[in-house]
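Nothing in this text is a laboratory measurement; each read-out follows from the coordinates by a stated rule. The structure displayed is predicted, hence computed values, not measured ones. Note: ideal-geometry Cβ built from the backbone for every residue, glycine included; neighbour counts use all protein chains shown.
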Amino acid sequence: MEREIFDKKYRKRLEKLSTTNLSDALDKIGIRGAVIGIRPLFGLPKVVGSAVTIKITAAGMAKSKHHLGIEAIASAHQGDLIVIDNRGDTQNNCWGEILTCAAKMKGVSGVIIDGAARDVDMCDEMGFPVFSRGVVPITARGRIMQEDFNCLIRLGDVQVRPDDILVGDINGIVVIPPERLDDVLFEAEKIMEKEELMKKDILSGFDILEVDKKYNYEQMLKK
Amino acid sequence: MEREIFDKKYRKRLEKLSTTNLSDALDKIGIRGAVIGIRPLFGLPKVVGSAVTIKITAAGMAKSKHHLGIEAIASAHQGDLIVIDNRGDTQNNCWGEILTCAAKMKGVSGVIIDGAARDVDMCDEMGFPVFSRGVVPITARGRIMQEDFNCLIRLGDVQVRPDDILVGDINGIVVIPPERLDDVLFEAEKIMEKEELMKKDILSGFDILEVDKKYNYEQMLKK
Amino acid sequence: MEREIFDKKYRKRLEKLSTTNLSDALDKIGIRGAVIGIRPLFGLPKVVGSAVTIKITAAGMAKSKHHLGIEAIASAHQGDLIVIDNRGDTQNNCWGEILTCAAKMKGVSGVIIDGAARDVDMCDEMGFPVFSRGVVPITARGRIMQEDFNCLIRLGDVQVRPDDILVGDINGIVVIPPERLDDVLFEAEKIMEKEELMKKDILSGFDILEVDKKYNYEQMLKK
């Protein structure tokens, strides 16, 4: 999807939704899109963007031309998200201070790592959200390397293609195929509105049993 | 135990004690009551209350009448704690925004989950403490369901009956049988007082070796 | 190393470096020194100090003379770090309120535990940094005991001798042999300076691909 169209038509709508609303919408439509266990390392970030993907492999005799992340950042546009597949490895670092500095200059929204990060305090200081499974102080150099970038990857059980839309917040990560974005937003906004009405009723003093019956909460995801 | 008696006689005393004081008292009396690995998801909460329990099972052909939590909240009293047994599963959500909203309206003190939660930011915003083993964005609907409520459950290695007294803070969770509450409080308060005296001595400049000898720290839990 | 010499010659230089800079320097020199998975339990601490080590074993018929930590604290000097080896066990507590109080009075910089801690809120309140793998409310008494102190221990995959220099921050822990401290500092400071120049170039608008080539980022750890 064109970045301009995305920013104009979709970004603000996505920013209003939580990953839980979006996860429910993906469920209703039947798309596997929620990732478990990749968490923000600090604060209450909300990130939305198109994926620029990186695939990591072990270092060895075959070499990378550039340090991991360099080409991905160079190819990224304002508002994109860097998304790194290191197969959940929490023993090796995939992201640090210099990459954060460069990504921040490009206007990248954040980084989402199926693995670990380092220089977390610097990232926090630069206001650059990092989502990962862990933190290590050890360099990637000589341990892991970039196998490819802007290629098909996976985060946990979820497939991620370059330009898939990712949303991250304190509750986790969801991956949305751009070709289904309209449907997902339609359902997620319906869910958010229904939940707002339910909360309003509960806060007005209606009993949770009545509210449950009125809105049919358990069956909310049925078509 | 009657809620009024509990609130009048016991609540304030429990609020002054840490889960570590209470865990030591349970040890001294010989009751298994401390739960490992269920942590607060934000802040430095202190929760005290009678358990309203929920037992979770996998979704399937057998159906629940209500979405999980609805009946437990409807049956809860001011100051109670919702306590959910999902066998430590960190892949499925047991608690979210709507339930928080309803529980908050009932004056429930918090939720303690042997499993995962979602809508964590909303819970934080509503000032509703959540203790769990993890966070996921994915809905419970179609994945897990309530098998029973106000029934016997377990948290980690600890048995929890409806109306057992639970205390949670940054150090973890303890479960106290109401029939032993007087004994546990008596021992916990002695431990807290002894520790206060030890701290006072240390802060006055006494050497830790002298203080250790004077208070017999290692043997403190012996009768 | 003499504490006075260390404090005069090295402490400030170490405080300016992150554990990531130091980990890279250790890599370059070929020393295994970074520990994975032992994290600060609160805040953004920075600790630097000589190790006073403690080795934990299971409680049983053989007894310790003192509660764990007592002798280590009594033998510690201003600025030292207490370092506890409980083999990564997250089911048993190795550190709490009374020890924190005594360590604080001695001017100990913090505690680093390959295992779990308790009374975390009190440690935070007293401004005493705790690094560990987890938190439990349960006492050490009757469960684990001190086998030895100021002896050889390990943290994860890294060996720690008494008087080894440890540095801890939000990114993790590094262990530096005092006999190589000059070399490690020399390399770490070069790395920090090079990274500062790289960040300056990036923030001046140079493309990450050019900066990568200019500073040869991927090969930075080669001699």
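Brief remarks follow.
- Pairs exceeding a 30 Å alpha-carbon distance, out of A:190/B:63; B:200/C:46; A:106/C:194; B:199/C:9: B:199/C:9.
- Cleavage-rule hits (GluC sites (Glu not before Pro)) in segment B:1-40: DSSP loop, at most 16 neighbouring Cβ within 10 angstrom: B:2
- Each of B:194, B:12 was scored by other Cβ atoms within 10 Å of its Cβ. Arranged with the fewest first, they read B:12, B:194.
- Gain on full extension, evaluated as 0.36 nm per residue between residue A:219 and residue A:44 minus their Cα-Cα distance, stands at 60.0 nm.
- Placing +1 on the Cβ of every Lys and Arg and -1 on the Cβ of every Asp and Glu, with no other charges, gives the protein assembly as shown a dipole of roughly 520 debye about its Cα centre.
- Per residue of C:112-119, other chain Cβ atoms within 10 Å of the residue Cβ number 3 on average.
- Inter-copy label distances for residue C:107: 5.3, 5.3 nm (label point placed 7 Å from Cα along Cα→Cβ; shortest first).
- Against the main long axis of the alpha-carbon atoms of chain B, helix B:181-203 sits at an angle near 50°.
- For segment C:113-128, 3J(HN,Hα) per residue [Karplus equation, 6.51 cos²θ - 1.76 cosθ + 1.60, θ = phi - 60°, Hz, x = Gly/Pro]: 10, 8, x, 10, 10, 9, 6, 4, 5, 5, 4, 4, 4, 7, x, 10
- Estimated distance in nm for a label pair at residue A:186 and residue A:58, the labels positioned 7 Å out from Cα along Cα-to-Cβ: 4.8
- Each copy carries a label point for residue B:159 at 7 Å from Cα along the beta-carbon vector; from one copy to the others these points are 5.0, 5.0 nm apart, nearest first.
- Classification of the protein assembly as shown by its C-alpha gyration tensor yields an oblate form. The axis ratio a/c (a ≥ b ≥ c) is 1.5 or more, and b/c is at least a/b.
- Over the Cα atoms of segment A:3-179, the radius of gyration divided by the Kirkwood radius equals 0.94; this is the Rg/Rh ratio.
- Label point 7 Å beyond Cα along the C-beta direction, distances from residue C:205 to other copies (nm, shortest first): 6.4, 6.4
- Test item: C:127-136 mean partner chain Cβ contacts at 10 Å: 2
- Centroid-to-centroid separation of segment B:68-100 and segment C:69-140 [C-alpha atoms, Å]: 34
- Modelled label positions at residue B:154 and residue A:152, each set 7 Å beyond Cα in the direction of Cβ, lie 4.3 nm from each other.
- Among the residues of B:37-43, the average count of other protein chain beta-carbon atoms within 10 Å of the residue beta-carbon is 2.
- Nearest-ten-degree value, helix A:19-29 long axis tilted from longest Cα axis of chain A: 70
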